[in-house]
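The structure appears right after this line, and notes come after that.
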Amino acid sequence: MRQFKLRVISIMALALSAGAAFMPATAHGQIFVSNETAATIGEYSTSGATVNASLVSGLSQPLGIAVSGSDLFVANHSAGTIGEYTTSGATVNASLVSGLNDPYGIAVSGSDLFVANWGSGTIGEYTTSGATVNASLVSGLNYPHGIAVSGPDLFVTYLYSGTIGEYTTSGVTVNASLVSGLNSPIGIAVSGSDLFVTNFYDVTVGEYTTSGATVNASLVSGLSYPYAIAVSGPDLFVTSATLGTIGEYTTSGVTVNASLVSGLDRPSGIAVAVPEPARLGLLGLAGGMLLMRRRENRQ
């Protein structure tokens, strides 16, 4: 029995040692940002380091950007297309979806893409393979701009009317004026039951619930024309179109770094990808324990 315990301890130590070699202590996120004027997508770490300022280039007025796994989906406003690229910068399909009317915001959920078409006043639905599900999933909108998806719901900002509308991913209107009285809302991000919205001319980020209640209309203030916004865990990342920066703030409104990334060229879209931690160490531990038990049972 004592010999068995010693063997178990030995195999646990080996498995934990192997796990330490393959499992990172933390999973660091990556920020992807579309530069409208430079026609590029840049990649940065969430600590502000430049990974590749021109990860993807030669785009056509890129605005909204969404990330799913190892894929980036970008709305090319002037070309009326959605392009697909890998997070390593390779082109998958520069015209995955075409024939759009001034696409601005884009959101991804599972195998579906939802696109806000500024010119046609519609939200279109497409698959991540480029197939059209419904080009006018929601229609009759007033210049839709930003879009975010959470479960069965879509949240859309309207720059001119100062409102946020809520719709289902099936195209049903839940509340066309879920939140009103905003000052030029553009970017929108959702986390749990909270919505975070950039007010371009009000130079603030406001927080609201997905039910439409105001949490803090000036959660972050004193910004310089905030445009796009992304949320990752307890952090908000906000672009300034005029300053060419990405600022980092907590979801409680505390400034972490107002110029986390600088030197950008009208950053108009932002997405944050967080990789899953490796599980090899835990699998090695479980496998080692099982193997030792089988060996002992045979003796």
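The values are calculated or read from the model by the stated rules, or taken from the named source; none is laboratory data. Predicted model only: the values in this text are computed from it and were never measured. Positions of Cβ are generated from backbone atoms using ideal geometry, with glycine treated the same way; all protein chains shown enter the neighbour counts.
Please verify whether Glu84 is under 22 Å from the mean Cα position of the chain (by Cα), over 20 Å from Glu36 (Cα atoms) and of a type in the set (Asp, Glu), treating the condition exactly as stated.
Judged against the criteria, Glu84 is not a match.
Exactly one of these conditions fails for Asn134: (1) at pLDDT 95 or above; (2) of a type outside the set (Gly, Ala, Ser); (3) not in a strand (DSSP E or B). Give me its number.
Result: Asn134 fails condition (3) only.
Restricting the search to segment 137-170, which residues are surrounded by 15 or more Cβ atoms within 10 Å (Cβ to Cβ) and either farther than 25 Å from Gly206 by Cβ or not assigned by TED's automatic domain parsing to the domain that holds Gly99 (or both)?
Result: Leu137, single match.
From the residues in segment 237-264 that are touching a Pro at 6+ places or on another chain (Cβ under 6 Å) and farther than 18 Å from Tyr201 by Cα, which one is surrounded by the most Cβ atoms within 10 Å (Cβ to Cβ)?
Across segment 237-264, the extreme among qualifying residues is Thr251.
For the list (1) within 15 Å of the chain's Cα centre (by Cα); (2) surrounded by 16 or more Cβ atoms within 10 Å (Cβ to Cβ); (3) not β-branched (Val, Ile, Thr), I need the number of the one condition that Gly110 fails.
Among (1) within 15 Å of the chain's Cα centre (by Cα); (2) surrounded by 16 or more Cβ atoms within 10 Å (Cβ to Cβ); (3) not β-branched (Val, Ile, Thr), Gly110 violates only (2).
Leu63: in contact with a His (Cβ under 8 Å, 6 or more places away or on another chain) and in a strand (DSSP E or B), yes or no?
When the stated conditions are applied, Leu63 passes them.
Output the residues belonging to segment 143-185 that are assigned to a loop (DSSP other than H, G, I, E, B) and either over 19 Å from Leu63 (Cβ atoms) or under 14 Å from the mean Cα position of the chain (by Cα) (or both).
Correct list: Gly151, Pro152, Ser161, Gly162, Thr169, Ser170, Gly171, Val172, Ser180, Gly181, Leu182, Asn183.
With the condition kept exactly as written, say whether any residue in segment 115-125 is assigned by TED's automatic domain parsing to the domain that holds Glu207, crowded, with 19+ Cβ neighbours inside 10 Å and over 22 Å from Leu178 (Cα atoms).
No, segment 115-125 contains no residue that is assigned by TED's automatic domain parsing to the domain that holds Glu207, crowded, with 19+ Cβ neighbours inside 10 Å and over 22 Å from Leu178 (Cα atoms).
Out of contact with any Cys (no Cβ under 6 Å at 6 or more places or on another chain), polar (S, T, N, Q) and not in a strand (DSSP E or B), is that true of Ser88?
Yes, satisfied.
Mind counting the residues in segment 244-269 that are within 18 Å of the chain's Cα centre (by Cα) and hydroxyl-bearing (Ser, Thr, Tyr)?
5
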